[in-house]
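> My questions will all concern the structure given below.
Taken together, the values in this text are just the output of simple stated rules run on the coordinates, not laboratory data. Given the structure is predicted, the values throughout are model-derived calculations rather than measurements. Positions of Cβ are backbone-derived with ideal geometry, glycine not excepted, and every protein chain shown enters the neighbour counts.
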Amino acid sequence: MIVSTLLLLLLPVASAVGGPNFSIIDTPSGPLLPSNDPFYMSEPANLSAYSLGDLIRIRAAPGNLSAMFNASAVYNIIYRTEDSLGHPLWSFSTVFSPLNPYSSTPTSNHSQYGAFSKSKGTAFLSYQLPYNTPNVDCSVSVLMYDPTQIATLGDVTAALQRGWFVSVPDFEGPFAASTAGALEGKAILDGVRAVYSLAALDGSQLAGLEPLGLDAAHASFSLWGYSGGAISSGWAGEMQPYYAPDLQPYFAGLAIGGMPPGFVATADLLDGTSSAGLLPNALLGLTQQFPAAREFLVSSLKQEKSQDFLAALNMSALQAFVAFYNQSIFDYFVNGRDDFTHPILTSLYDGQYDLRFKGIPSVPVFAYKAIGDQFSSIQLSDQLITEYCDGGAVVLYERNTVGEHLSELQNGHSRSLDWLDSLFNGTHAEIYGTSGCVIKNVTVVDPNGPPLAQL
């Protein structure tokens, strides 16, 4: 149950990374909606004085997430990041400790393609669940507490069962800038930095909280996301070499599935379908940081349809699916698709959403997609992977001959876990190689994967 009160107990503690002090916050009696949670929404004092990835607030997660996910402990963290334009921002992540932390047995120390050191707690996954909403109260941290949606996070449960530490960021930020890839990529990478800082704290610095248990000196991390989570993870992977080069020694790999790399092409496929509601959510999220684009968007809506379109500001992805079911979103605009593709908006699609233009991932990539994906063209994904390969990336790309967008989340579940596991246990080079690209069609039905209930 969501409650609406919060007692803040601020205990200044020396920052683990040399910036301003962070605070240990008392845990509320139950989970709160972000809009009612000062821990989540209050702009930190002296925000610009913190370095990227610095911890700002820490608390034990409210409620019973440890029992729900079979974890030993769950933490909430607020940390410093920046928005798409480079302005200081803060963001939120939920960090899980496994019951039985993984112990690595690498073939070589600090290998680019394997685990780093023989010690306990060396596997760390940042998992990006697609939640595609301009409403901060529908963030993934809220979804976690809904027992009807818990199966959606089956990838997290499976990772914890393997002994991995898992961070699940609300990567859209506190103002829910949905599909704004530049902001999302930064929030993910700074969230990784923050988890390493959290791992470096001992009990005396945590004011009664148990230490995380991750081996900060030796742990490697990987990124994993599907659908909208693949866009955000892909942005993080492309940005890492220049935005977070300090993470390079610890970055093991990037798994992305169901990636929809072209915004306009994806919109052409979704318009008028059961998933058309993704488009208002995306447009409102993309324009959240850009007042001129938001003004153009609103002014271009037909007067009789404007209220219905803007109602998506308060919707989850699932609610938007219902509200805009089988509707043409282009028809909400005075000039139809021409307004949708106006330069002020396409500049955001190119600069904030579309992959391929920001860089080449410096770590191995596992990409997977159903050839019959109805959300986005397999040809555009093929083009993305070709550009990665031409840029020197190490890629395994599997094109599934069965299923479509929703089923491929399930069908890619075990393959992704096994691929990530090879990075953590030091067998990746032996199994997958260390150079070049492998592109192949596969026929895989995986009964163990989670349903994609929230896109």
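> Could you tell me the relative contact order of region 11-257? Use alpha-carbon pairs under 8 Å, at least six residues apart, and round to a whole percent. Display every interim value, and only then the final one.
Values: 577 pairs, mean separation 50.5, N = 247.
Computed over region 11-257, the figure is 20 percent.
> Still on this model: From Cα pairs below 8 angstrom and at least 6 apart in sequence, can you work out the relative contact order of region 365-442, rounded to a whole percent?
42 percent
> Given Leu384, Ser220, Tyr325, which one lies farthest toward the positive end of the charge dipole of the chain, if we put +1 on the Cβ of every Lys and Arg and -1 on the Cβ of every Asp and Glu?
Ser220
> Work out how much length Asn70 to Leu310 would gain on full extension: take 0.36 nm times their residue separation and subtract the Cα-Cα distance, in nm to one decimal.
82.5 nm
> Something else: Report the calculated FRET efficiency for Ser29 and Gln303 (r = Cβ-Cβ distance, R0 = 41 Å), to the nearest 0.05.
It comes to 0.35.
> Measure off 7 Å from each Cα along the Cα-to-Cβ vector at Thr401 and Asp202, then give the distance between these two points in nanometres to one decimal.
So the two model labels end up 5.8 nm from each other.
> With an 8 Å cut-off on Cα pairs and a minimum separation of 6 or more residues, tell me the relative contact order of the chain in percent.
16 percent
> Taking R0 as 51 Å, what's the FRET efficiency between Asp350 and Ile431 from their Cβ-Cβ distance, rounded to 0.05?
Calculated transfer efficiency: 0.90.
> Quick one: which residues, 5 or more positions from Val166 or on another chain, have an amide H under 5 Å from its amide H? H modelled 1.01 Å from N in the peptide plane, none for Pro or chain starts.
Phe96, Leu125
> Then there is this: For a label point 7 angstrom out from the Cα of Tyr242 toward its Cβ, which stretches of region 332-375 have the backbone nitrogen within less than 12 Å?
357-360
> Under a cut-off of 18 Å between alpha-carbon atoms, report the lysines in cross-link reach of Lys369, not counting same-chain residues fewer than 8 places apart.
Lys440
> Give me the percent of DSSP beta bridges within the chain that run antiparallel, rounded to the nearest 5.
Once the DSSP bridges in the chain are tallied, antiparallel ones form about 45 percent.
> Tally Lys and Arg at +1 and Asp and Glu at -1 over the other residues with C-beta under 11 Å from the C-beta of Pro134: what net charge comes out?
Here the charged neighbours net out to -1.
> Straight distance only, please: which aspartates and glutamates reach the Cα of Lys302 with their own Cα at less than 16 Å, same-chain residues fewer than 8 apart left out?
Asp331, Asp338, Asp339
> Assuming R0 = 30 Å, what is the FRET efficiency of Leu47 and Asn335, from their Cβ-Cβ distance, to the nearest 0.05? Numbers along the way, then the final one.
Details: r = 40 Å, r/R0 = 1.34.
With a Förster radius of 30 Å, E is 0.15.
> Sticking with this one: Tell me the mean residue ellipticity at 222 nm calculated for the chain from its helices only (DSSP H runs of n ≥ 4, each -39500 (n - 2.57), averaged over every residue, nearest 500).
Helices in the chain give a 222 nm mean residue ellipticity of -9000 deg cm²/dmol.
> Now, a different point. Normalized C-alpha radius of gyration of region 213-272, against 2.2 N^0.38 Å?
Computed over Cα atoms of region 213-272, the ratio equals 1.43.
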